[in-house]
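Quick notes on the structure that follows.
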Amino acid sequence: MKHIISFILLLAMVHPTFGQDRTTLSGYIKDGSSGETLIGATAYIKELGVGSTSNEYGFYSISVEPGTYTIEYSYLGFETLSRQVDLTENQTVDIEMGDAAEILEEVVVVSEAEDQNVTDLEMSVNKLDINTIKSIPTLLGEVEIIRALQLLPGITTVGEGATGFNVRGGSIDQNLVLLDEAPVYNSSHLFGFFSVFNPDAVKDVKLYKGGIPSRYGGRLSSILDVRMKEGNSKKFTMNGGIGLIFSRLSIEAPLIKNKASFIVAGRRSYIDVLAQPFLNDDLDGSVLNFYDLTLKGNYNINERNRVFVSGYFGRDNFGFGEDAGFNWGNSTGTLRWNHLFSDRLFSNITFYYSDYDYKLSFGAEATNSFDWDASIVNYSVKPELTYFLNPNNVIRFGGQAIAYEFEPGRAVGVSEGEVSDISLDKRYAIEGGVYLENEQDFGEKWSLNYGLRLSYFNYTGKGDAFEFGDAPAGFRRPITSTTYFDQWESIETYTNLEPRLSVKYQLNPVSSLKASYMRTAQYLHLISNTTASTPVDVWLPSTNNIAPQTADQVAAGYFRNFQDNTYELSTELYYKKMNNLVDYIDGADLLLNPAIEGDLLVGEGRAYGWEVMLKKTKGRLGGWGSYTLARSERQVPGINASEWYPSRFDQLHNLTLSLFYELNKKWSFSSTFTYLSGTPTTFATSRFEQQGYVVPHNANDVRNNVRIPDYHRLDIAATWVPGRKPDKKWQGEWVFSIYNLYQRRNAFSVYFRQQEGRVLADQPTNTEAIRLSVVGSMIPSISYNFKFNQ
């Protein structure tokens, strides 16, 4: 790997000699109204039938033989621009594109250019345009990115009130969620009802479910890459919304026109403020809210250098009077520097900081209290380079280093003035990786993206490292020895080679076949044995006792467009094999347990399925329907008699329908329907009765032997735009929505309880099943969104 990267770097440095018979056209493609760079815009040379796509920073580069050419610049929702360029020498051409003329009675639900879904090499990738996301019916009127993703094939959740999402049979910790390249460890507010992403600050949303390029690493199942806006570099703009329980506001403006800009966006809920007059004395002063602040700035130093700085700060607060409190949140900070070494060699170096923590406190008196907090903090540097060798080859290479600090639990209790510290030691680790990938076209039919990632993980001190002895499968392992390690002294190291390959064969202009293979490695583990993940779950590194998770996934698909790209069809088959998945012994002690590794079990997993999606992209009526037929299974020695069993997020059927209708300039309507098979859970197979009390018993040690009832829900929304005029400085819209229209009481979980009261002698003790529904009724809402342009 080292020698290959050195060779590519040498090739890039000597490229004027290597390609002296070619000239290069390069530059940035931007939104002419705001100065925002456009991701995925196309620069196409008509005479040669070749082109280039702008990268995550809006940069494009094409190297061709000298000549005079007509260049077409295109991007969804913008007027196509044509420029004649004399390429007798290298040229830099920056393009600002204007909005396409507004078309009445038409709704657009795509996030890419026409035919791109069949001509692009990517598969198992979902993109959603932010305007489409804003059109989807929502809970209490708040635009939701994570919930919008759950309307796509292969993406599920275990229920309302569950944080995160599941991708192709994987757990939520197998998804790497990035906000401006910094990881977000808990992507939800209010226990999963709202995401941490402020829609007014989001520029691009892209989810990789398979065929993940080698430049990404660290998780098994998916990469959710969310890019923030850079801020309007031309004029002052204000966006916001006022809802029933929270509001949001964003401001963006130039610092130096066309050279530097910023955006600041904030949200805050006010459920506690509205509820305060109705609380009794015991709950006076209670807190129930969440807030977040998102900000970003950028500065064009010169034609070859640009810097960005961004940050996110969010928190959820729950306080019950003065006696108890609970809060959690994410903080991230990112600094990036774009540099052009030449017209073909683009580089970016990223430095980021990420912190997720939670805090629990009980007791209002200093002499009787309990405080517990935990966190995961990481620092990273990530250099990346892209070399545009020619129109048929784009080479990417780079690396990343991450330093981790885990605090699994700092807990201090005070009882009658006596202090008891039961905190756990911090843990430390270093993760690194280097990669090389090449995206290459072979003629008009074949395209490949092939690459290799080498990842490395070092679990280090300071602190004690335990060795555990053997135990029967499914039982706690005893500690046999303890060794102390100094700060950053290596305890255990792991190395993994992760090959990646994506292939596309173009059958004809409107259809293609695609296939992919990827191996991924994950060195972090989320420790949780609850029905759904919670904010107080603990992250742990791979250790001398916990090996890293690995996965191999293959996928194949057919992609086809119909009726002049009015309809898009995609269908994929996938199979994923996972190793070293963590599970738990019965009765595992996961809270403040210094020897928690003795309670962990390791097994295998497999997930396989068929996904199909049909999308209508043009006309008054637009939308999509998706269906997934899938299985997700686990095999862990000591669980379920060591036989395969369905995972907690196994859902055989997943059907979603999303429809959008544009009635006229003022009124538009949308609706979504979701149907999911019930998730597995474990019920007792027998019971004992002792002195009138029922003791449930699992006689056969089975796991996930029954399913809760199926989940289905219908949501609707209507948007009214009074007096829409493109040249108005103030533009507003009213959004009316109903969540769970037919009041389905979807089960989040099912549990049992015995009858109340005394049981008569010689009479059986009756028990009943209780269905817990987080949302069991219709929830109407109204919100007002506005935009002001100076």
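The values are calculated or read from the model by the stated rules, or taken from the named source; none is laboratory data. Keep in mind that this is a model prediction, so the values were computed, not measured. All Cβ positions, even for glycine, are placed from backbone atoms using ideal geometry, and neighbour counts span all protein chains on display. Ligands, DNA and RNA are excluded from the accessible area calculation, which covers all protein heavy atoms including side chains. Shrake-Rupley method; radii C 1.70, N 1.55, O 1.52, S 1.80 Å.
What the table shows:
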item	result
Neighbour-limited loop hits for trypsin sites (Lys or Arg not before Pro), segment 613-687 (at most 12 other Cβ within 10 Å; DSSP other than H, G, I, E, B)	Lys666
Partners for Lys462 among lysines (Cα-Cα distance below 17 Å; same-chain residues under 8 apart left out)	Lys426
Calculated over segment 616-695: convex hull of Cα atoms, volume per residue (Å³)	146 Å³
Pairwise label distance in nanometres, Asp464 with Thr534, each label 7 Å out on the Cα-Cβ vector	2.7 nm
Global form of segment 415-535, assessed from the alpha-carbon gyration tensor, a/c cut-off 1.5	prolate
Cα-based shape type of segment 227-789, given that a ≥ b ≥ c are square roots of the gyration tensor eigenvalues and the cut on a/c is 1.5	rounded
Gained length - Ile779 relative to Phe341, 0.36 nm times residue gap less alpha-carbon distance	152.2 nm
Under 20 Å from Lys618, Cα to Cα: lysines that are on another chain or at least 8 residues apart	Lys127, Lys134, Lys665, Lys666
Accessible area per residue in Å² at 1.4 Å probe, computed on the chain	43 Å²
Student exercise, segment 406-451 dipole from Lys, Arg, Asp, Glu Cβ charges, in Debye to nearest 20	80 debye
Gyration tensor verdict on segment 150-251 (Cα atoms; rounded if a/c is under 1.5, prolate if a/b is larger than b/c, oblate otherwise)	oblate
The chain, helix-only ellipticity at 222 nm - DSSP H runs n ≥ 4, -39,500 (n - 2.57), divided by all residues, nearest 500	-1000 deg cm²/dmol
Charge context of Phe165, other residues only, Cβ under 12 angstrom, K/R +1, D/E -1	+1
Apportionment of accessible area to carbon and sulfur, the chain, percent (1.4 Å)	56 percent
Set of aspartates and glutamates near Lys235 by C-alpha distance (under 19 Å), chain-local residues within fewer than 8 positions excluded	Asp31, Glu36, Glu96, Asp99, Asp200, Glu252, Asp727
Model label zone, Trp734; criterion: amide N under 11 Å from point 7 Å along Cα-to-beta-carbon; scope segment 767-790	782-784
